[in-house]
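Written out below as structure tokens is the structure these notes cover.
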Amino acid sequence: MALSGTIGAVVLESGAAAPAAAFARCLVGGLLLVLWCAATGRPRSWLAALTRKDLGLAVLGGVLLVGNWVLLFASYALSSISVGTVVYHTQPLLLVGLAALLLRERVTGDQLVRAVIAFGGVALIALSAQGSDGQPVRMAGVALALGAAVLYAGASLIAKRLAHLRPQLLAAIQCGTGAVLLAPALLITPLPSAPGGLLWLVLLGAVHTALMYVLMYSSIGKLATGTVALLSYLYPVVAVLVDLLAYGHRIGPLEGLGMAAVLLAALARRPARRRAAPHQR
């Protein structure tokens, strides 16, 4: 989760456009995840057990997941790392809404109250925050972060349907889907030509994708759900600190209140009895 909080800085330092950064993350991370599958299990037997329906859902989840990365990365440049990341953390509440809409799950009064608080916080952030250039935050950046949260919530619903698959296999399929999907975008938004920019993207794929997934999948079964939920909030906290220390982003009173409202509303969700699914940041 602490590594997740530095993703925004890596993307900005690479100088790559959002589609190019997401492609590099998919390509490098996906190749390393395939190697991990080969080294830690029996990928042939896993693939043999994969039905056409499973593969279709996995690919669809990959499309949503990679779209979420593209929108989130684009939001950093239009707002700031901290604003984009905190607004993105409305996704637990958006997941509740999508589950109610698509799966007919019941929405409780507690969930509705938290949703109102969270989106009130988003409104405060949008009206009071400053972007990376010191100007008022662009509404497009907030909208992109919200769009990323919606796509991530959709990917999470699909991941629940595929809980019987090996998580590293699912992640490898999704990264492969993203690499194929985003490759044509390189004609419009090419990879950086400078070696430094390329190294940042290799770091994004190797450390912030492959290594991070290995750490999450290795630890997720050893922790209580409540602990996982609590630790997940290191992500926005670290992102805010990185934005403050590396880019001088100053948080005003109203913006800080909005951020606190979003994070507290999402954090207050009741932990489920079963193990939590890993977050695919």
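The values are calculated or read from the model by the stated rules, or taken from the named source; none is laboratory data. It should be emphasised that the depicted structure is a prediction, and the values quoted were computed from it without experimental measurement. Please note: Cβ atoms are built from the backbone with ideal geometry, for glycine as well, and neighbour counts cover all protein chains shown. Just the protein is used for accessible areas: all its heavy atoms, side chains included, with ligands, DNA and RNA removed. Shrake-Rupley method; radii C 1.70, N 1.55, O 1.52, S 1.80 Å.
Ranking PRO43, GLY61, ALA143 by Cα position along the charge dipole of segment 30-169, where only Lys, Arg, Asp and Glu carry charges on their C-beta atoms, puts PRO43 farthest toward the positive end. Shape class for segment 177-216: oblate, because the ratio a/c of the largest to smallest gyration tensor axis (alpha-carbon atoms, square roots of eigenvalues) is 1.5 or more and b/c is at least a/b. The alpha carbons of segment 43-115 give a radius of gyration and a Dmax of 16.8, 47 Å, in that order.
In a reduced charge model with +1 at each Lys and Arg Cβ and -1 at each Asp and Glu Cβ, the chain shows a dipole moment near 1200 debye about its Cα centre.
Using only Cα coordinates, the Kirkwood hydrodynamic radius of segment 8-160 works out to 17.2 Å. In the chain, the alpha-carbon atoms span a convex hull of 125 Å³ per residue. Hey, with R₀ at 25 Å, roughly what FRET efficiency would VAL116 and LYS222 work out to, going by the Cβ-Cβ distance, to 0.05? After rounding, the FRET efficiency stands at 0.10.
Using the Cβ-Cβ distance between ALA38 and LEU215 with R0 set to 30 Å, the FRET efficiency from 1/(1 + (r/R0)^6) comes to roughly 0.95. Using heavy atoms of the protein chains and a probe of 1.4 Å, the accessible area assigned to THR51 is about 70 Å². Between LEU170, LEU144, LEU47, the residue with the greatest mean-square fluctuation in the GNM of the chain (Cα pairs under 10 Å linked by springs) is LEU47.
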